[in-house]
Amino acid sequence: MNFKTGLIKMAIKWTPNRLIIWVANIILKGIAELVDFSFDLEARKSYVQIQLLGESETIEVWLENFTVVSDEAGHSLIIEQARSNRIWLNNLLSRIAGKAWKIPVIPQFTAEIELICELFKAESREEAETPVQEDNVYAEQGEPGPAGSK
């Protein structure tokens with residue numbers, strides 16, 4: 001990891017969630033409200049709770065073990081586990097989880113894509129391939145799991 005990547009990781013870690021929620025709600029005004037958010041780059045976990053305008057219940061999404069894998073052909077994004085508290089969204093997320101999604105090559109953004117790939121690359125090959133055990137993920141964080149799970 002180079003100095004630039006380390007500095008960006010530190011900035012991500014130190015950015016207050018309240019600031020992220022505030023900025024997101026400015027952008028999402030009239031569409032949705034971001035209620036809660038957490039992002040842990042080290043543990044490769046993200047949680048989003050959002051309230052769509054006109055809806056009575058919030059939508060929660062958990063992403064786990066996300067990484068970028070690079071090879072001769074380019075870069076691919078892999079999200080090992082993705083869940084939601086909505087059945088329709090769970091079905092949609094199950095179609096993208098565990099698959100490698102090729103990151104398109106856009107010449108104007110080559111430097112930015114390389115930086116993102118450095119930030120999200122797997123620390124080791126084993127780490128990228130080892131799924132998180134579903135039963136203990138939320139209990140360790142003190143968070144409730146998706147509807148219908150323990």
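The values are calculated or read from the model by the stated rules, or taken from the named source; none is laboratory data. It should be emphasised that the depicted structure is a prediction, and the values quoted were computed from it without experimental measurement. Note: ideal-geometry Cβ built from the backbone for every residue, glycine included; neighbour counts use all protein chains shown. What goes into the accessible areas is simple: the full protein's heavy atoms, side chains included, and nothing from ligands, DNA or RNA. Shrake-Rupley method; radii C 1.70, N 1.55, O 1.52, S 1.80 Å.
Of everything in region 117-135 that is open to solvent by 70 Å² or more (accessible area, probe 1.4 Å) and assigned to a loop (DSSP other than H, G, I, E, B), the residue that is modelled with the highest pLDDT is 123. From the list 46, 38, the lone residue that is among the polar types (S, T, N, Q), under 18 Å from residue 20 (Cα atoms) and surrounded by fewer than 17 Cβ atoms within 10 Å (Cβ to Cβ) is 38. For region 6-35, filtered to residues that are farther than 27 Å from residue 115 by Cα and open to solvent by 40 Å² or more (accessible area, probe 1.4 Å), the residue that is farthest from the chain's Cα centre (by Cα) is 30.
Of all the listed residues (83, 95), the sole one being within 17 Å of the chain's Cα centre (by Cα), surrounded by fewer than 11 Cβ atoms within 10 Å (Cβ to Cβ), charged (D, E, K, R) and more than 23 Å from residue 123 (Cα to Cα) is 95. Considering region 1-116, the qualifying helices (runs of 4 or more DSSP H), each wholly inside and each with 3 or more residues that are at pLDDT below 95 and in contact with a helix residue (DSSP H, G or I) (Cβ under 8 Å, 6 or more places away or on another chain), run over 3-14.
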